[in-house]
Amino acid sequence: MIAWLRDRRAILAVAVGSRMLVLAAAAADHVLHWPKGPPPVHGASTAHTLSILSYWDGVWYRTVAEQGYLLIPGRQSDPAFFPLFPIILRGLQGFGLSFLTTGILVANAAFVIGILAFYELSRRLVPIDLARTSALFAALFPMSFVFSMTYPESLVFAALALALLLALQGRWTLSALAGAAAALGRPEAMFFALPLAAIAIGNARATGRLASGRAIGAAFAPVASIATFPLYLGWALDNPTAWSGAQQAWGRSFSLDGIVRAIQQLFARGSTPWLWRDVAFCLIYLALLVAARRIGISWPWLVASTALILLPLTSGTFMSDSRFGVLALPVYWGAAALTRRRIVRLPALVLCAGLLVAGTMTIPLANP
């Protein structure tokens with residue numbers, strides 16, 4: 001293990017260094033009391049040095065960990081949030097740390113593991129130089145500050161990378177467990193059943209045999225995992241549709257004309273300018289997927305990533321799409337492909353690091 005880590009010390013250093021940048025920016029925000037944003041969500045801590053990393057949805061995940069699920073019809077309530085992160089917070093409560101501290105530790109540790117897993121995955125799909133650069137971009141990407149917040153994104157990123165890596169290694173049972181865990185963190189993870197299925201089919205063709213039951217199970221594990229959540233809500237709340245009901249209270253009602261409504265919202269009176277940040281990143285993600293296709297990334301990966309980026313828009317808003325897109329793994333391969341020349345790559349990484357700090361310090365201004 002020591003030798004393995006030594007060979008990857010540059011990747012590990014950037015992964016840890018990027019988290020130190022985020023934590024330092026969050027601490028500076030607390031000390032300087034700047035920028036002044038709207039009051040944080042009720043229940044958000046403001047005393048902790050890293051308080052801003054627990055703002056917004058982080059409050060709701062902590063509420064689920066502390067109290068479980070409670071649906072309040074017609075009002076914003078916590079069944080809208082998937083259970084993986086709260087389960088882990090609750091499970092680690094015995095160590096005596098606050099949910100806020102535990103959440104920040106778990107998020108950052110999971111992200112470092114995720115970067116290493118993503119690098120190993122990338123090495124099997126793209127040239128080694130692109131694999132290394134893509135891992136650096138994943139660590140320093142401007143929106144990657146969400147991986148240090150008390151959100152499930154870092155856990156899902158790590159679980160997805162591990163599920164896909166293990167599938168490529170033919171370790172289907174472990175891949176199924178990782179894929180199921182990812183889907184319990186964010187429902188968008190189910191789209192990666194497509195590349196998992198493609199890996200299973202490709203392996204079957206290479207061996208001249210039918211795909212095994214374990215391979216098929218691993219491919220559909222994320223979808224099956226998501227199906228367990230409404231079953232649990234039906235048992236706990238006597239309402240298996242509690243998730244969709246809570247989503248509507250949060251202003252996310254999925255429909256065929258959702259994208260049209262999302263565009264109309266941009267120009268509606270009272271719309272926040274922060275929505276344009278989400279629009280910009282949505283377009284950047286799509287452009288990077290095009291670049292990933294040019295270096296040979298196959299269609300199942302691109303379709304899964306495109307669905308992850310665009311399907312949330314059918315809820316009628318671009319809000320938070322910049323955060324959802326950080327889980328579209330081929331985006332980072334596209335970024336690496338566009339910056340293959342060192343004269344372009346180094347300035348791009350420095351720019352990303354600067355925007356990462358800026359994004360962290362503006363957390364109090366808008367829900368990421």
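With Kirkwood's inverse mean 1/r over C-alpha pairs for Rh, give me the Rg to Rh ratio of the stretch 93-140, two decimals please. Show your work: numbers first, answer last.
Details: Rg = 14.6 Å, Rh = 12.1 Å.
The Rg/Rh ratio comes out at 1.21.
Given the options 195, 222, 240, state which has the largest fluctuation in a GNM of the chain using a 10 Å cut-off (strictly under) for Cα springs.
240
Can you give the Rg to Rh ratio for the stretch 272-349, taking only C-alpha atoms and Rh from Kirkwood?
Working: Rg = 13.1 Å, Rh = 12.9 Å.
Computed over Cα atoms, the ratio is 1.01.
Using only the Cα atoms, what convex hull volume per residue in Å³ does the chain have? Intermediate results must be reported in sequence, preceding the final value.
Values: hull volume 55.5 nm³, N = 368.
Spelled out: Cα convex hull of the chain, divided by residues, is 151 Å³.
Relative contact order for the chain using alpha-carbon pairs under 8 Å, separation at least 6, rounded to a whole percent? Could the numbers behind the result be given before it?
Working: 575 pairs, mean separation 79.2, N = 368.
Relative contact order here is 22 percent.
Stretched out fully, how many nm does the piece from residue 367 to residue 280 gain, at 0.36 nm a residue minus the Cα gap? Kindly include the intermediate steps, with their values, before the conclusion.
Details: separation 87, 0.36 × 87 = 31.32 nm, distance 1.57 nm.
Once the chain is fully extended between residue 367 and residue 280, it gains 29.7 nm.
Which of these, 31, 106, 290, has the largest mean-square fluctuation under a Gaussian network model of the chain (Cα springs below 10 Å)?
The residue that fluctuates most here is 31.
With a 10 Å cut-off between alpha carbons and a GNM built on the chain, which of 77, 244, 148 moves the most?
The residue that fluctuates most here is 244.
Please rank 149, 190, 319, 20, fewest neighbouring Cβ atoms within 10 Å first, as an exposure proxy. Write out the running numbers ahead of the final one.
Numbers: 149 28, 190 22, 319 25, 20 11.
With the sparsest Cβ surroundings first, the list reads 20, 190, 319, 149.
Return the whole-Å distance between the Cα centroid of the stretch 202-236 and the Cα centroid of the stretch 117-171.
Taking the Cα centre of the stretch 117-171 as reference, the centre of the stretch 202-236 is 21 Å away.
Quickly work out the residue 67-to-residue 206 label distance, labels modelled 7 Å from Cα along the C-beta direction, and quote it in nm with one decimal.
Taking the simple label geometry, residue 206 and residue 67 are separated by 5.0 nm.
Run the numbers for residue 34 and residue 254: contour at 0.36 nm per residue of separation, minus the present Cα-Cα distance, in nm.
Additional length available on full extension: 75.6 nm.
What span do the alpha-carbon atoms of the stretch 224-338 cover on each of the three principal axes, reported in whole Å from largest to smallest?
Over the stretch 224-338, Cα extents along the principal axes are 50, 41, 21 Å.
Based on the Kirkwood radius over alpha-carbon pairs, what value in µm²/s does the Stokes-Einstein equation return for the translational diffusion coefficient of the stretch 144-282 at 25 °C and 0.890 mPa s?
Working: Rh = 17.3 Å.
Estimated diffusion coefficient is 142 µm²/s.
Please return the longest range in the chain lying between exposed loop sites, taking trypsin sites (Lys or Arg not before Pro), DSSP loop only, at most 14 other beta-carbon atoms within 10 Å, and leaving the sites out. Numbers along the way, then the final one.
Working: sites that count: 36, 75, 124, 209, 269, 340, 341.
Counting only loop sites that pass the neighbour cut-off, the longest clear stretch is 125-208.
Which residue, 300, 348, 279, has the largest displacement toward the positive end of the dipole of the stretch 275-350 when charges sit on each Cβ (Lys, Arg +1; Asp, Glu -1)?
Most positive-ward Cα: 348.
Using a 7 Å offset from the Cα along the Cα-to-Cβ direction at both residue 358 and residue 266, what is the distance between the two label points in nm, to one decimal?
My value for the distance between the label points is 1.9 nm.
What length, rounded to one decimal in nm, is gained on full extension from residue 236 through to residue 7, with 0.36 nm per residue of separation minus their alpha-carbon distance? Walk me through the numbers before you get to the answer.
Numbers: separation 229, 0.36 × 229 = 82.44 nm, distance 4.76 nm.
Gain on extension, residue 236 to residue 7, equals 77.7 nm.
Any read-out appearing in this document is the output of simple, stated calculations on the displayed coordinates, not a laboratory observation. Because the structure is predicted, anything quoted here is derived from the model rather than measured. Here Cβ is always computed from backbone atoms with ideal geometry, including for glycine, and neighbour counts include all displayed protein chains.
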